[in-house]
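Trainee: Below: one structure in structure tokens.
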Amino acid sequence: MTENRIPLDDLMVFHQLARSLNSSLDLDTILRTILDQMERIIAADMWTLLMLDEQHNDLYYAIASGNFEGALRDLRVKMDEGVAGWVVQHGETLIVPESENDDPRLQQTLAADRRRVRSVIAMPLRGRKGVHGVIEILNPRSSQMSDYTIAFLHILCDHAAIAIENARDVARIQQLTITDDATGLYNVRHLYKMLEHELDRARRLHHPVSLAFIDLDRFKMVNDIHGHLIGSELLARVGSRLKQLSREQDSCFRYGGDEFVIMMPETSATEALALATSIHTELINTRFHMSNDLELTASASVGLATCPPENLAVHAIIGAADARMYEVKSNGRGKVRGA
């Protein structure tokens with residue numbers, strides 16, 4: 001009886017594959033490792049890896065071989081479109097050889113240089129929590145499309161899916177450690193870490209960094225009149241509004257209680273005053289529609305600090321902004337006090 005054994009060289013590839021995929025919890029590194037392994041296993045015109053965007057219910061090109069990555073970066077694939085959409089919807093591998101290249105799904109599969117897709121191998125990245133994406137191999141060499149190679153690719157996909165899930169789980173846990181539960185903004189622990197990094201960057205590059213310290217006025221009355229549930233909801237809505245009003249490069253934090261901080265990198269004192277004044281005006285004119293059909297507004301007192309001329313220490317710039325906020329509190333509330 002003949003015993004079919006896996007060649008030692010292939011066993012070493014399996015071993016190296018598992019080690020590579022499990023040695024990192026960084027998603028980009030894992031995706032690059034997957035692509036590198038695909039290129040070693042099978043010759044083809046192009047390899048792509050599409051990831052599922054659950055929020056938009058479509059697929060995006062996370063990585064591609066050669067010079068195609070940039071060309072594909074902004075393309076999206078609908079869930080009912082082409083080979084990749086079919087694979088995600090059905091959770092099954094799809095192999096279309098050249099002899100069947102009239103398959104309409106091939107015509108919807110777009111390569112970066114618009115070359116004709118003659119054949120394809122597409123496999124789902126299916127883990128414990130469902131399908132996370134698709135590996136597409138476009139125009140693979142027909143001589144290499146053996147059962148052995150397909151089985152090898154399946155093993156790659158299984159390991160890849162597990163590695164992707166592990167990376168996402170770690171990223172989710174890390175996000176929870178820096179996020180405030182009530183508002184979804186960054187927490188004070190992360191403020192100190194980010195501000196220290198930004199102040200170090202400001203020192204090296206001689207760029208200013210500004211901080212806005214925001215305290216809601218008479219927030220205790222909201223809790224006393226409407227209860228703590230409504231108070232917590234208002235905090236969340238204010239936090240969301242502050243993030244919406246801030247620039248993309250700025251970061252919003254819940255400092256504690258009814259206090260918020262906005263960190264503004266590369267922003268001078270003059271620019272910070274203009275930005276904070278605009279945010280403050282928009283905030284106090286916002287009408288928040290609460291879950292119990294109540295409509296509330298929020299007033300706030302804002303203090304600013306900018307480094308330089310403030311001290312380059314984390315506590316110093318926070319303390320300066322906090323002190324100016326309390327000056328506003330002591331002089332009628334509801335205004336912005338610049339550096």
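Trainee: In the range 167-246, with Lys and Arg counted as +1 and Asp and Glu as -1 at Cβ, which of these residues, 227, 212, 183, has the Cα nearest the positive end of the dipole, that is, farthest along it?
Mentor: 212
Trainee: Still on this structure, I have one more. Say the dipole of the chain comes from +1 at the beta carbon of Lys and Arg and -1 at that of Asp and Glu; which of 311, 121, 83 then lies farthest toward its positive end?
Mentor: Comparing the listed Cα positions along the dipole, 311 ranks first.
Trainee: As an exercise, find the ratio Rg/Rh for the chain from alpha-carbon atoms, using the Kirkwood inverse-distance average for Rh.
Mentor: Taking Rg over the Kirkwood Rh, I get 1.14.
Trainee: With r as the distance between the Cβ atoms of residue 92 and residue 295 and R0 = 41 Å, compute the FRET efficiency 1/(1 + (r/R0)^6) and round to 0.05.
Mentor: That gives a FRET efficiency of 0.20.
Trainee: Using θ = phi - 60° and the Karplus form 6.51 cos²θ - 1.76 cosθ + 1.60, what ³J(HN,Hα) does each residue of the range 333-339 get, whole Hz, x for Gly and Pro?
Mentor: Listing the rounded values in order: 6, x, 9, 10, 10, x, 5 Hz.
Trainee: To make sure I understand the rule: partners must be lysines, Cα under 30 Å from the Cα of residue 193, and not fewer than 8 residues away in the same chain. Which ones qualify?
Mentor: 220, 243, 329, 335
Trainee: Assuming a viscosity of 0.890 mPa s and a temperature of 25 °C, what translational diffusion coefficient in µm² per second does Stokes-Einstein assign to the range 185-339, Rh being the Kirkwood radius over Cα pairs?
Mentor: 157
Trainee: If amide H atoms are built 1.01 Å from N in the plane of the peptide, which residues on other chains or at least 5 residues away come under 5 Å of the amide H of residue 75?
Mentor: 61
Trainee: Rounded to whole Hz and in sequence order, give me ³J(HN,Hα) for the range 290-295 from the Karplus expression 6.51 cos²θ - 1.76 cosθ + 1.60, θ = phi - 60°, writing x for Gly and Pro.
Mentor: Couplings: 7, 5, 9, 6, 6, 10 Hz.
Trainee: Go ahead and run the numbers for FRET between residue 200 and residue 142, Cβ-Cβ distance against an R0 of 45 Å, rounding to 0.05.
Mentor: 0.20
Trainee: On to the next question. Suppose each label sits 7 Å from its Cα in the direction of the beta carbon; what would the residue 53-residue 182 distance come out to in nanometres?
Mentor: Placing both labels 7 Å beyond Cα along the Cβ direction yields 3.4 nm.
Trainee: Continuing with the same structure: Calculate one ³J(HN,Hα) per residue across the range 153-166 by plugging θ = phi - 60° into the Karplus curve 6.51 cos²θ - 1.76 cosθ + 1.60, and present them in order as whole Hz with x for glycine and proline.
Mentor: In residue order, the calculated couplings are 5, 4, 4, 4, 5, 4, 5, 5, 4, 5, 5, 5, 4, 4 Hz.
Trainee: Label-point separation (nm) for residue 277 and residue 225, each offset 7 Å from Cα along Cα-to-Cβ?
Mentor: 2.9
Trainee: State the extension gain, in nm to one decimal, for the chain segment bounded by residue 40 and residue 155, taking 0.36 nm per residue of separation less the distance between their alpha-carbons.
Mentor: 40.0 nm is the gain from fully extending residue 40 to residue 155.
Trainee: Only four residue types carry charge here, +1 at the Cβ of Lys and Arg and -1 at the Cβ of Asp and Glu. Report the dipole size of the range 188-337 about the Cα centre in Debye, rounded to the nearest 20.
Mentor: Computed about the Cα centre, the dipole is about 120 debye.
Trainee: Can I ask one more? How tilted is helix 269-284 with respect to the longest principal axis of the chain? Cα atoms for both, answer in degrees (0 to 90, nearest 10).
Mentor: Relative to the chain, helix 269-284 is tipped by roughly 90 degrees.
Trainee: Once R0 is set to 51 Å, what does the formula 1/(1 + (r/R0)^6) return for the Cβ-Cβ distance between residue 32 and residue 268, expressed as a FRET efficiency to the nearest 0.05?
Mentor: For residue 32 and residue 268, the calculated efficiency is 0.85.
Trainee: A further question follows. Name the residues whose placed amide hydrogens come within less than 5 Å of the amide hydrogen of residue 335, ignoring near sequence neighbours (fewer than 5 apart) on the same chain.
Mentor: Result for residue 335 returns 302.
Trainee: Relative to the longest principal axis of the chain, what angle (0 to 90°, nearest 10) does the C-alpha long axis of helix 188-205 take?
Mentor: 90
A short reminder: the numbers here are calculations on the coordinates, not readings from a lab. These numbers were taken from a predicted model, which means no experiment stands behind them. Note that we place each Cβ from the backbone using ideal geometry, even for glycine, and neighbour counts take in every protein chain shown.
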